[in-house]
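The values are calculated or read from the model by the stated rules, or taken from the named source; none is laboratory data. Please read all numbers here as calculations on a predicted model, not as lab measurements. Cβ atoms come from the backbone with ideal geometry, glycine included; neighbour counts cover every protein chain shown. Accessible surface is based on the protein model in full, side chains and every heavy atom, while ligands, DNA and RNA are left aside. Shrake-Rupley method; radii C 1.70, N 1.55, O 1.52, S 1.80 Å.
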Amino acid sequence: MKSSSSRYALLDELRGLDLISMMLYHGMWDAVYLFGVVVPWYSAGQGRLWQQSICWVFILLSGFCLPLGHHPLKRGAAVFGAGALVTGVTEDVVWFGVLTLLGSAMLLTGLVQKWLQKIPPTVGLAVSLILFALTYHTMDGYWGLGALRWALPQGLYANYLTAYFGFYPVSFYSSDYFPLLPWLFLFWAGYYLHPLVGRKRMEPLRRSVCPPLGWLGRHSLVLYLLHQPVIFGVLTLVFTVPQLL
């Protein structure tokens with residue numbers, strides 16, 4: 001079925017599918033860490049792989065879709081503000097979560113876009129992916145690939161301001177943490193992937209496969225803000241009501 005909109009329906013639907021995966025992941029996180037449900041595989045490598053698959057798709061897709069809009073600074077400010085709202089109201093503290101990252105990436109890209117556009121897309125994509133790989137372990141105290149590592153000065157890991165960039169102090173805690181390094185480079189990889197694909201090859205993406213997923217994707221920001229309190233409320237009922245009966 002063809003989409004009646006000028007939007008790229010499949011991109012919305014991919015975002016909606018990733019949003020469902022994120023909701024399930026967060027529901028599992030609440031069940032395990034807030035309600036004491038024992039799920040061995042979740043606390044092991046499988047849970048980490050699941051979490052990374054969600055954030056990689058979400059961040060890469062956000063960068064890819066940025067050129068489709070006309071007001072990156074306005075959009076970035078709205079998303080950054082939503083991230084600040086999450087920080088302000090979430091019981092299990094969130095500092096520099098994914099919304100703060102995406103808002104920051106949109107704002108930074110909007111500010112330097114005229115210079116980014118001077119870089120050939122192939123070069124921009126390659127450099128972005130290389131920098132993402134090199135800085136992926138910023139939070140672990142080093143940059144590098146494989147056995148080739150450069151230890152970072154511990155003085156960089158000073159406070160909450162440096163944590164915004166990826167250099168968090170020992171006392172830092174956040175239940176959802178996506179600093180600028182390395183994730184800004186993954187966002188820019190998506191940004192440069194867009195012109196490489198090109199508008200002509202994107203035409204098939206206008207075709208809708210699952211409209212409900214598209215609706216979720218189009219309202220992803222609002223649903224992101226609402227899903228955690230809803231999930232927590234449902235799990236609270238599930239785990240407390242039987243004890244009262």
Just to verify a result, which residue in segment 21-31, among those that are hydrophobic (A, V, I, L, M, F, W, C) and buried (at least 16 other Cβ atoms within 10 Å of the Cβ), is nearest to the chain's Cα centre (by Cα)? MET22
Give the residue that is most open to solvent (accessible area, probe 1.4 Å), with candidates limited to residues of segment 202-220 that are under 17 Å from LEU60 (Cβ atoms) and among the hydrophobic types (A, V, I, L, M, F, W, C). LEU205
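For the structure I just gave you, tell me whether LEU11 is within 22 Å of LEU223 (Cα to Cα) and either at pLDDT 95 or above or crowded, with 18+ Cβ neighbours inside 10 Å (or both).
So LEU11 passes the test.
Here's the yes/no breakdown for (1) touching a Leu at 6+ places or on another chain (Cβ under 7 Å); (2) within 30 Å of GLY233 (Cα to Cα):
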{"residue": "TRP95", "(1), (2)": "no, yes"}
{"residue": "LEU129", "(1), (2)": "no, no"}
{"residue": "PHE132", "(1), (2)": "yes, no"}
{"residue": "TRP188", "(1), (2)": "no, no"}
Residue in segment 143-150 that is over 16 Å from the mean Cα position of the chain (by Cα), surrounded by 12 or more Cβ atoms within 10 Å (Cβ to Cβ) and in contact (Cβ under 8 Å) with a residue 24 or more places away in the chain present: no
Just checking, how many residues over segment 35-93 are surrounded by fewer than 18 Cβ atoms within 10 Å (Cβ to Cβ), among the hydroxyl-bearing types (Ser, Thr, Tyr) and in contact (Cβ under 8 Å) with a residue 60 or more places away in the chain? 1
Which residues, taken from segment 161-201, are under 18 Å from LEU102 (Cα atoms), small (Gly, Ala, Ser) and open to solvent by 10 Å² or more (accessible area, probe 1.4 Å)? SER174, SER175
Restricting attention to segment 109-130, report how many residues are under 20 Å from TYR164 (Cβ atoms) and open to solvent by 60 Å² or more (accessible area, probe 1.4 Å). 1
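Out of TYR164, TYR160, TYR136, I need the residue that is more than 20 Å from CYS55 (Cα to Cα) and under 22 Å from the mean Cα position of the chain (by Cα). Which one?
Result: TYR160 is the single residue among TYR164, TYR160, TYR136 that is more than 20 Å from CYS55 (Cα to Cα) and under 22 Å from the mean Cα position of the chain (by Cα).
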Which listed residue is surrounded by 14 or more Cβ atoms within 10 Å (Cβ to Cβ), within 18 Å of PHE58 (Cα to Cα) and not hydrophobic (A, V, I, L, M, F, W, C), from THR100, THR135: THR100
Could you go through segment 216-231 and let me know if any residue there is hydroxyl-bearing (Ser, Thr, Tyr), in a helix (DSSP H, G or I) and within 30 Å of VAL123 (Cβ to Cβ). no
